[in-house]
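Before any comments, here is the structure.
What follows is calculated from the coordinates using simple rules that are stated; it is not laboratory data. Keep in mind that what you see is a predicted model, and the values were worked out from it rather than measured. Reconstructed Cβ throughout: ideal geometry from the backbone, glycine too, with neighbour counts over all protein chains shown.
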Amino acid sequence: MHANGQRGRKPRADVQRNRAALLETAQRHFLRHGVGTSLEAVAKEAGVGPGTLYRHFPTREALLAAVLQTRSEELVARQADIDQLGDPAEALEQWLRAMEEYFSAFSGLPDPLMAAARAQDPGNPLTIPCDILIEATDQYVRAAQRAGRVRASVQGHDLFLAACSVAWIKGTGTEEESLDRLRTLIASGYRERDVQA
């Protein structure tokens, strides 16, 4: 549907190019240097001034949220596959692993995500993406609870933070065997005791 007048006008081509260049460059910098990378270096490599970067993305969190949005397609595809699983407990476990991998995309990413999830600040651009993931986690938790596989006291918020924590630990270079033990320990805390492996 096309709007009439000023509201329907597309952004200028140079504005769109600048935004795309900033997102592409920021993603490279986040991959190479982590989420604490220099935003001035991002702007310089993208061929724009710092003022242009901050007009598009007023804060580091705003830039990070936009980059994460561009990387969310893989997580959405994983979620579609997970939704086809017949076992709600397996679906929850697979979803937690998918989130863990998503949170491991950039060094240091779990920190601002956990902070946004804890603070619930509507002014933080990372709050909405976190809320969406927490709600999705809650849906998997409720399905597993209805099947008697997850304790009634467990909430999506809890397991979102658990996945962030595992991703953070993974980012320290911890070996996979140790991470598997940690995942098992977390699972023993949210599963109903009579169905634990």
With springs connecting C-alpha atoms under 10 Å apart, model the chain as a Gaussian network and identify which of Ala80, Ala13, Ala91 has the largest mean-square fluctuation. Ala13
Inter-site label distance for Thr70 and Glu192 at 7 Å from Cα along Cβ, in nm: 4.5
Please compute the Kirkwood hydrodynamic radius over segment 85-197, one decimal place, Å, based on all pairs of different Cα atoms. 14.4
FRET efficiency (Arg17, Thr172; Cβ distance; R0 41 Å; to 0.05) is 0.60
If you take every residue apart from Ala98 with its C-beta less than 12 Å away from the C-beta of Ala98, what net charge results, scoring Lys and Arg +1 and Asp and Glu -1? -4
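With an 8 Å cut-off on Cα pairs and a minimum separation of 6 or more residues, tell me the relative contact order of the chain in percent.
Computed over the chain, the figure is 19 percent.
Can you give the calculated 222 nm mean residue ellipticity of the chain, where each DSSP H run of n ≥ 4 adds -39,500 (n - 2.57) and the sum is split over every residue, rounded to the nearest 500 deg cm²/dmol?
On the way: 10 runs with 134 residues, N = 197.
Mean residue ellipticity at 222 nm (helix-derived): -21500 deg cm²/dmol.
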Spherically averaged projected area in nm², based on the convex hull that wraps the Cα atoms of segment 11-92: 6.9
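If you take the alpha carbon radius of gyration of segment 121-176 and divide it by 2.2 N^0.38 Å, what ratio comes out, to two decimals?
1.34
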So how tilted is helix 127-146 from the main axis of the chain? Cα-based, degrees 0 to 90, rounded to 10. 20
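May I ask for the longest run of the chain untouched by trypsin sites (Lys or Arg not before Pro) that are loop-located per DSSP and have at most 16 neighbouring C-beta atoms (other than their own) within 10 Å? Intermediate values should be presented prior to the final figure.
Values: sites that count: Arg9, Arg12, Arg71, Arg151.
With trypsin sites (Lys or Arg not before Pro) excluded where exposed in loops, the chain gives 72-150 as its longest stretch.
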Pair Arg146, Lys44: separation of 7 Å Cα→Cβ label points (nm): 5.5
For helix 110-119, what angle does its Cα long axis make with the longest principal axis of the chain, in degrees from 0 to 90 and rounded to 10? 80
Rank by packing, highest mean first: peptides 63-69, 46-52, with packing defined as the count of other Cβ atoms within 10 Å averaged across residues. 63-69, 46-52
Over the Cα atoms of the chain, each weighted equally, I'd like the Debye log10 I(q)/I(0) at q = 0.07, 0.08 Å⁻¹, rounded to two decimals. -0.26, -0.33
5 Å binning of all Cα-Cα separations within segment 27-139, expressed as whole percents from 0 upward: 2, 11, 20, 22, 17, 13, 7, 4, 2, 1, 0
Could you pull out the GluC sites (Glu not before Pro) across segment 114-197 that fall in loop regions by DSSP (anything but H, G, I, E, B) with no more than 11 other Cβ atoms inside 10 Å? Glu175
